[in-house]
Structures are given as structure tokens and as C-alpha cells.
Amino acid sequence: MKIYENLIIGGGASGLYLASLLNAKTTLILEKNAKCGLKILASGGGRCNVTNQNISPKNYLANENFIYNVLLKFNYKKTLEIFKNLNFSLEKKTQFYCKSGSKDVLNTLLNAIKCEILTNHEVTHVSKNLKNNTFEITSTKEKFYCKNLIIATGGISYKKLGATGLGYEIAKNFNLEIITPCPALVGFSVQKDEFWFKNLSGVSLDSIISVNDRFFKDKVLFTHKGISGPAVLNASLFWKKGKISINFAPKINIKNLKNSKKQVSTLMQLPKNFTKEFLHSQNLSDKPYDNFSTDEKAKFNKIFNYEFAPAGNFGFEKAEITKGGISTDELSENFESKKVSNLYFIGEVLDVNGMLGGYNLHFAFASANIASQKINLNL
Ligand SMILES: Cc1cc2nc3c(=O)[nH]c(=O)nc-3n(C[C@H](O)[C@H](O)[C@H](O)COP(=O)(O)OP(=O)(O)OC[C@H]3O[C@@H](n4cnc5c(N)ncnc54)[C@H](O)[C@@H]3O)c2cc1C
């Protein structure tokens, strides 16, 4: 019976980078898909936003101390160091996108790996033999044994890219706490009162969304199902059922609407179809602002603070990440389970959830790097 020193389940961002850092003679990656790194290829619209110059615990929904310590040990420069042979463009002043595309990000990781990778091997079960302190890993094809087991199976969004709930099942079998996984970085579906959004499918506006005392200033995109776009995706990370509010016209000062004979749709300098649909939804006609009655003005002013409760979100199939996952309270600072020695969890399978902007890939790399230091000591 061959016992691998290290076995990594999942050949995505965290698993591949980890493999490149491990010193053991025998490390094995088991990957469900025919190819590793499908989510890396899809990331950043095929251009992979690998990290962010402006990174802090505020960019994550996670245990603040835990993520603070991770970012202290692994800053954005360390992610750029992994890809030092690639060129990046800085977008929105802080986000690093690979100029030559995600394929080169994936190839950089693959080229740095010397260990064995078995693709088309979906792991279905894991157990630990307490007598000889080894893990038994059952895949759809055969059984494997190892000393250190690393779970890098990611979240459960985008099933078509390989996601399975195996990481959570393993945690459950070892009695580790799991924060209920749900879709995040995803659009909102709407209730009846907001069905007018659907008539604007394809229109986008610079807006400010406020949700649970957080503000997101960016584009809101109307779709045939509800709303999406970067401001909405970020808001979805912090939304827990209930109302959100959108300022659809943050650049407009209400003073500039007064004392004018022009219709509001002209003065608002927003896409005209948006202002018209908005007015229609409030039973208002398009006229000069001063011609609105007091009641009508109150209705119109909702354009600056439109409160509503989304019906839900577009679901795991459209969600860029899975919010929730294995609680970081279960882990030591080097990502090893406190309850089960030699068992590690890294990447998106954990309850560390980044906003849009390269924060999730950064965490995948950071967690792998920090875990590797302990795993290498364990040999
Ligand atoms: C469309 C899209 C765009 C994104 N863009 C960005 C971006 O630009 N910047 C950013 O920071 N983040 C982005 N993300 C999020 C980011 O890609 C993920 O957070 C990151 O890839 C997570 O890395 P991971 O290693 O934890 O998991 P993954 O990369 O998901 O890897 C997990 C691997 O485990 C394998 N696996 C799962 N179950 C099993 C099993 N039972 N047996 C064997 N193998 C298994 C999977 O096939 C997969 O290859 C994006 C996500 C999506 C969906």
C-alpha cells in the first residue's frame, strides 16, 4: 500500500499553487475534471483578476482576526511574485488583470508543479485510520492513502466548472462547523413591485447601493431576471434577506432640478428609458420638477433612495463564489484542523468570502502559501 506524504483534493487555484510549494517526494493532486483550473480560466472574464493593491479585512466577509493575520503574512505583492513573468494591467486603480489572459496564469501554476496529478478522479469519501494516522481517500476510480490531506475543493457555485460539496461533507464527517453555504457575488431577483426593472434589460447605471450599513458605488445592470452588475454583486455578499436601497442618480443634485421648465427626464441626464420606466412605476408623468405636488415629489425623490427587498438571488449557477463554508474557528492559523491533525482546508471551501476585485484568488493563494509552511515542517 503506497502512502503519499501529501494528497491534495482539487486542482484549482489553491490546490495547484500549494502543490508547487511542497517539498515532499510524494505529493498527489486528485482532480475531478479532465483538466485542472477551469475556474481560473473563467476568472475575470478570461483575464484573471489575481489580486488587489488595496486589500484589507474590509474586503472580506470573514472572521476579522483570521483574515487580518492572513493578509499580514501574504500581501498583494506576494501574489504578483508568483506571476512575476506575466504582465498585469491595473484596472479601477487597484485590480491586477493578466494582460495575456487566464491561460497564462494557469500555465504558470502548472509549470511550477513537479508532483503527480490525476485528473478525472472525483473523490467521493475520506476517512482517517487512527491506528496508523493515515487518511484513506476513495475516488470514483481507486483508493489512495496519505499522511497530510489538504482539501482544496472550492465552493459549490458554477457546478459546470467542477464544483462538488465534498469539502463540506468531509468537514461534517469530522464534526467541524460549517456556515451554511449560499450563493454570493450574484445578481438579485425581484418581487412584483420591481418587475419594471425587467423592462430595462441591458441598461446600466452608475449607482450607490446600501446594504447593512455598507455602501457600494459602481454599475447596476438591469437584466431580464432582476439586477446585476458590480455594485449588486458586492451587495449580495453582505445581504441577509430584507431591504436594500439604491441611489440611481448619485451624480444629480436635487437643487439642479428646481427652477427649470425642462422635464425631469431631460434634466436627470440618465438613460431616458430608465427615467421613463421609473416615473411609470411611481405613477408619475414626465414634467418639470417644480410642477410635481408635494406627494409626487416624495415619490420622485425615491430615485435617490429606492428601497426594496430583493426576492432572492440568481442562485449557485450564476454566483461567482459560495458564501459560508467551513468555519475558520475550526482551524489553526496555518489552516490545519484543530480537531483532526494533518487535515488542512484552503481556498474557497472556507468561510472567507471576498468582494469582487481579485480578493478571492488572493485568498486562495494566501491560504495555500501559509498552509505549505506547516505541511513542509510535518515531513
Ligand atoms: C465566473 C467566475 C469569475 C471569477 N473571477 C474572479 C476574479 O477575477 N478574481 C478573483 O479573485 N476571483 C474570481 N472568481 C472566484 C475564484 O475563481 C475562486 O474563488 C477561486 O478559484 C477559488 O479557488 P479554490 O482553489 O478554492 O477552488 P477552485 O478554483 O474552484 O478549485 C477547486 C477544484 O476542486 C475540484 N474538485 C471539487 N470537488 C472535487 C472532488 N470531489 N474530487 C476531486 N476534485 C474536486 C474542482 O473541479 C476544482 O478544479 C471567479 C469565479 C467565477 C465562477
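The values are calculated or read from the model by the stated rules, or taken from the named source; none is laboratory data. This one's a predicted model, so the numbers in the text were calculated from it and none came from an experiment. Every residue, glycine as well, gets a Cβ built from its backbone with ideal geometry; the counts of neighbours run over all protein chains shown. Ligands, DNA and RNA are stripped out before the accessible areas are found, and what is left, the full protein with its side chains, is counted by its heavy atoms. Shrake-Rupley method; radii C 1.70, N 1.55, O 1.52, S 1.80 Å.
Can you pull the Rg over Rh of segment 123-210, Cα-only, Kirkwood?
Rg/Rh for segment 123-210 comes to 1.22.
Could you pull out the pairs from Lys77/Lys114; Lys93/Lys323; Lys114/Lys318; Lys35/Lys219; Lys198/Lys258; Lys25/Lys338 whose alpha carbons sit more than 32 Å apart here?
Lys114/Lys318; Lys35/Lys219
Could you please put Met268, Met355, Met1 in sequence from largest to smallest accessible area, using a 1.4 Å probe?
Met1, Met355, Met268
Is segment 159-256 rounded, prolate or oblate when judged by the Cα gyration tensor, a ≥ b ≥ c being the square roots of its eigenvalues, rounded requiring a/c under 1.5 and prolate requiring a/b larger than b/c?
Prolate is the answer for segment 159-256, as a/c is 1.5 or above and a/b outweighs b/c.
Mean projection of the alpha-carbon convex hull of segment 316-363 over all orientations, in nm²?
With the hull built on Cα positions only, its mean projection is 3.8 nm².
Over the chain, with every protein chain in place, what whole percent of the accessible area is carbon and sulfur at 1.4 Å, could you tell me?
After summing per-atom areas, the C and S share lands at 48 percent.
For Glu333, tell me the accessible area in Å² from a 1.4 Å probe, rounded to the nearest 10.
120 Å²
Heavy-atom accessible area of Glu169 with all protein chains present, probe 1.4 Å, nearest 10 Å²?
100 Å²
Return one whole number: the accessible area per residue of segment 1-64 in Å², for a 1.4 Å probe.
40 Å²
Heavy-atom accessible area per residue, segment 188-313, 1.4 Å probe: how many Å²?
Per residue, segment 188-313 has an accessible area of 52 Å².
Heads up, I need the accessible area for Asp290: 1.4 angstrom probe, whole protein in place, Å², nearest 10.
So the heavy atoms of Asp290 present about 70 Å² to solvent.
First select every other residue whose beta carbon is under 12 angstrom from the beta carbon of Leu356; then total the charges, Lys and Arg +1, Asp and Glu -1.
-1
Aspartates and glutamates near Lys299 by alpha-carbon distance under 20 Å, same-chain residues fewer than 8 away left out - which ones?
Result set, ordered by chain and number: Asp193, Glu194, Glu277, Asp286, Asp290, Glu307.
Taking each pair of distinct Cα atoms in the chain once, what is the resulting Kirkwood hydrodynamic radius in Å?
Here the Kirkwood hydrodynamic radius works out to 22.4 Å.
Rounded to the nearest Å, what's the spacing between the alpha carbon centres of segment 1-66 and segment 200-266? Just the number, please.
When both Cα centres are located, 35 Å separates them.
Mind grabbing the base-10 log of I(q)/I(0) for segment 253-366 at q = 0.12, 0.14, 0.17, 0.18 Å⁻¹? Debye formula, identical points on the C-alpha positions, no solvent, two decimal places.
-0.65, -0.71, -0.84, -0.90
Can you give the relative contact order of segment 188-313 as a percent, counting alpha carbon pairs under 8 Å and 6+ residues apart?
30 percent
Output the relative contact order of the chain, whole-number percent, from Cα pairs under 8 angstrom with separation of 6+ residues.
23 percent
Based solely on its DSSP helices, what 222 nm [θ] is calculated for the chain when runs of n ≥ 4 H residues each add -39,500 (n - 2.57) and the sum is averaged over all residues, nearest 500 deg cm²/dmol?
Estimated from H runs of four or more residues: -7500 deg cm²/dmol.
Find how much the distance from Asn65 to Lys272 grows on full extension, using 0.36 nm per residue of separation minus their present alpha carbon separation; answer in nm with one decimal.
Between Asn65 and Lys272, full extension yields an extra 69.8 nm.
Averaging over all projection directions, find the projected area of the Cα convex hull of segment 188-313 and quote it in nm² with one decimal place.
Computed as one quarter of the Cα hull surface, the answer is 7.1 nm².
Could you work out how far the C-alpha centroid of segment 343-379 sits from that of segment 99-167, in angstrom?
Going from one Cα centre to the other spans 14 Å.
Plugging the Kirkwood radius over Cα pairs into Stokes-Einstein for segment 1-99, at a temperature of 10 °C and a viscosity of 1.306 mPa s, what D comes out in µm²/s?
102 µm²/s
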